[in-house]
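Accompanying notes for the structure given below.
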Amino acid sequence: MGPKSTLRPPSRAIRRLVGKPVLVGELAVRPGGIRTYATVVDIPKYDAEFDVIVVGSGAAGLTAALTATLSGKRRVLVAEKTKWFGGTSAYSGGALWVPMNPVSQAAGFEDTPELADTYLRNYLKDEYDAVKPMVSAYLEAAPAMVNFLEKNSATKFVAAPTPDYYMHLDGACKAGRTVLNAPYDGRRLRGMIKQIRYPLQGYCAFGSLQVDLLAMNTWRQPFRNWQNFSAVTRGVLRYAVDRVRWGKGTQLCNGNALVGRLVEKATNSGVQLWNNAPVVQPLLENGRIAGMVINKEGQELRVRATRGVILASGGFGRSAELSRKYLSNPDWTVSPRGNVGDGMRFGLASGGKLPAPLGENAALWSPISVLRSPTGPARSYPHFATAITKPGSIMVDSDGKRFANEAASYQDLGKATHKAGVRVSYLIGDKRHLRNYGMGMALPGGYPIKHLIKRGYLITAPTIPALAHKLGIDPSNLSQTIERFNKFARKGKDEDFGRGDGSFDQAYGDFEVKPNPSLAPLEKSPFYALTLYSGNGITMYGLDTDTDGRVLKESGEPVPGLYAIGADSNHFLKGHYPSGGLTLGPSMVFGYRAGLHVASH
């Protein structure tokens, strides 16, 4: 038998001619001489095929992926551009605003769609009619989303004893509309535990020891009683064992717990999870989204999506260009480094459009403190409803004067900060405040802080004038400001900014402090300060979508097969924020709606 001709697979250069017949030549040596053989190779148009491609692995994307898989038995790919699964959701406290949810109702909290709708109408006022269809879709789907994920063991929510932020409005609810996440045993993920995005420094201790928000008081006061000491000791011992076996803590809490459960369920349900797989560009056929080009292991793969593509890449908080263009105050952010507006770019390239700019509502605002490192990247910490609302601290500007109610909701505080023209401020507390509540990455309860002082994150001095000198503030101004504030605190009435008067101030204060849970004098030496920068937690301006998350064209018609959810879509309340959990809640509710739609249409 003579030698055989070997026909090799087409080269990468030839494969770029996808979808076209290609003549591939080969040479073979035979006794009669060299002959040329040829064959026609029908090169495939796509390297892989799924029903649905989800761009991004935060709670929005994972919810959409699970819904499409579990409700329609669809083949789903989640493409995550970074090493870590979880996006901004893994950084968060994990709170969702979901009125009438079955978890809270089972716990005895009462609510109705009419009351929730009334609350939003009273808060939004003249802007309500413009968002009414989105509000109706949200209130209809919110309890269904919770029920769907709970029944499929994808989540384990717990009712949060927190009120809506503006209890003076009709329709406001004292508790139950916001849910949190029960802690999750990350050991169930086995090796994938190392691929879950770490929480922010300051939301954990010793690198990756996480604490449930509902158990925070126990960890703040480990020596208060035997129960606290026992619980903290067990937690620390488990963490020590976890570090040896897994390289990180495996007790996942808050937003990390939510992501962990969603990842486990997605993996067990057949969803393909690709990390280190940035999406490069959309693929269009006759005006319809047909798939995406995805860079995986150094190769650009053309991946088909037979039913649709869902954009959930986390917004544009890390894009300096887009932040300058669309944010009223484009300063610091805690968004992950991969959140640079990929979803917006893909949506516009596919024929989608942006709605009118949101201005002051284009992001979720928060003061941010920054821990700088001589060898690694700077680490940011958002000051939401944590120690910044607790008694015994104040915020001042570079002149040493107060400029806002420090304990207002973070969105209101951010707007007040912008209005006052303050870009850099200082959070100041005394020894008692730091010990009881912590200050940013400086944890409460006697945890180590020397490294933070050494690196300039936490500034300390024995007296207020000495602290002012270190901060570059006029000592007389700061002393007068604190003396005036202390008088208000002792009376329980802030005559300058009304701190402690609102329902948010009171809910996130300390009820053991009287007569005002948000006010206490600064008088216990030494004194501490953090430098705060005007910043945001996540962007809320994005692609225009309908009630099912479909991206809309300028004509108002949907781009066939294209969806956007989470921070890639425009916020359903146009950035208004009347209660906790109104970024993560809409992300998952409209992720659920998008998943149902793409699976069934």
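Which stretch or stretches of segment 276-310 have amide N atoms under 20 Å from the point lying 7 Å from ASN152's Cα along the Cα→Cβ direction? Within reach of a label on ASN152, which here means backbone N under 20 Å from a point 7 Å along Cα→Cβ, segment 276-310 contributes 305-310.
Computed over the alpha-carbon pairs of segment 422-531, the distance histogram in 5 Å steps reads 2, 12, 19, 24, 21, 15, 6, 1 percent, short to long.
Under a model in which nothing but the beta-carbon of Lys, Arg (+1) and Asp, Glu (-1) is charged, segment 464-601 shows a dipole of about 420 debye around its Cα centre. Residues SER313, SER518 in ascending order of nearby Cβ atoms (within 10 Å, fewest first): SER518, SER313.
Packing, as the average of other Cβ atoms within 10 Å across residues, places the peptides 148-161, 441-454 in the order 148-161, 441-454, highest first.
Label sites at HIS469 and ARG432, each approximated as a point 7 angstrom past Cα along Cα to Cβ, lie 2.6 nm apart.
By the rule of a C-alpha distance below 16 Å, with chain neighbours fewer than 8 residues away ignored, the aspartates and glutamates paired with LYS265 are GLU150, ASP185.
For the residue pairs LYS401/LYS487; LYS151/LYS194; LYS194/LYS296; LYS415/LYS487; LYS390/LYS454; LYS325/LYS401, the alpha carbons lie more than 21 Å apart in LYS151/LYS194; LYS415/LYS487; LYS390/LYS454; LYS325/LYS401.
What does the extension gain come out to for SER136 and ARG372, with contour length at 0.36 nm per residue minus their alpha carbon separation? Write out the running numbers ahead of the final one.
On the way: separation 236, 0.36 × 236 = 84.96 nm, distance 4.48 nm.
Once the chain is fully extended between SER136 and ARG372, it gains 80.5 nm.
Taking the inverse of the mean reciprocal distance over all distinct Cα pairs, the Kirkwood hydrodynamic radius of segment 189-343 comes to 18.9 Å.
Rounded to the nearest whole angstrom, the semi-axes of the ellipsoid equivalent to the chain, taken from the Cα gyration tensor as √(5λ), stand at 48, 27, 23, largest first.
For LYS487 and THR233, the difference between the fully extended length at 0.36 nm per residue and the C-alpha to C-alpha distance is 87.5 nm. Considering only HIS433, THR250, ALA106, and ranking their Cα positions along the charge dipole of the chain that arises from unit charges at the beta-carbon of Lys, Arg, Asp and Glu, the one farthest toward the positive end is THR250.
Are any of the pairs LYS353/LYS574; LYS45/LYS553; LYS248/LYS450; LYS132/LYS574 more than 19 Å apart by Cα-Cα distance, and if so, which?
Values: LYS353/LYS574 15 Å; LYS45/LYS553 27 Å; LYS248/LYS450 23 Å; LYS132/LYS574 11 Å.
From the list (LYS353/LYS574; LYS45/LYS553; LYS248/LYS450; LYS132/LYS574), the Cα-Cα distance tops 19 Å for LYS45/LYS553; LYS248/LYS450.
As a calculated quantity, the FRET efficiency between LYS419 and SER269 at R0 = 51 Å, using C-beta atoms, amounts to about 0.60.
Quick check on segment 92-268: what does the Kirkwood estimate of hydrodynamic radius come out to from the alpha carbon pairs, in Å?
Working: mean 1/r = 0.0557 Å⁻¹.
Averaging 1/r across every pair of different Cα atoms and inverting gives 18.0 Å.
Here the sum of -39500 (n - 2.57) over DSSP H runs of 4 or more residues, divided by the residues of the chain, equals -9000 deg cm²/dmol at 222 nm, to the nearest 500. Sort out for me the Cα centre separation of segment 342-404 from segment 536-601, rounded to whole Å. For segment 342-404 versus segment 536-601, the Cα centre distance is 21 Å. If you plug the beta carbon distance of GLN105 and SER476 into 1/(1 + (r/R0)^6) with R0 = 56 Å, you get a FRET efficiency near 0.50.
Among 522-529, 138-145, how do they line up from the highest to the lowest mean number of other beta-carbon atoms within 10 Å? Numbers along the way, then the final one.
Working: 522-529: 18.9, 138-145: 20.8.
Ranked by mean Cβ neighbours within 10 Å, highest first: 138-145, 522-529.
Cα-based Rg of segment 282-365 per 2.2 N^0.38 Å, rounded to two decimals? Provide the component values of the computation, followed by the final result.
Working: Rg = 14.9 Å, N = 84, 2.2 N^0.38 = 11.8 Å.
Normalised Cα radius of gyration, segment 282-365: 1.26.
Ranked for footprinting exposure by Cβ neighbours inside 10 Å, fewest first, SER319, SER373 give SER373, SER319. Scoring 341-354, 192-205, 115-128 by mean Cβ neighbours within 10 Å over their residues and listing the highest first yields 341-354, 192-205, 115-128.
Placing +1 on each Lys and Arg Cβ and -1 on each Asp and Glu Cβ, with no other charges, gives segment 92-268 a dipole about its Cα centre of roughly 1380 debye. On full extension, the segment bounded by ARG188 and LEU214 gains 7.1 nm, given 0.36 nm per residue less the C-alpha separation.
Taking Cα atoms only, the orientation of helix 410-419 departs from the longest principal axis of the chain by about 80 degrees.
Laboratory data are not the source of any read-out in this text; all were calculated from the coordinates shown. The shown structure was predicted, so the numbers you read here are calculated from the model rather than taken from an experiment. When we count neighbours, we look across all protein chains shown, and the Cβ atoms used for this are built from the backbone with ideal geometry, even at glycine.
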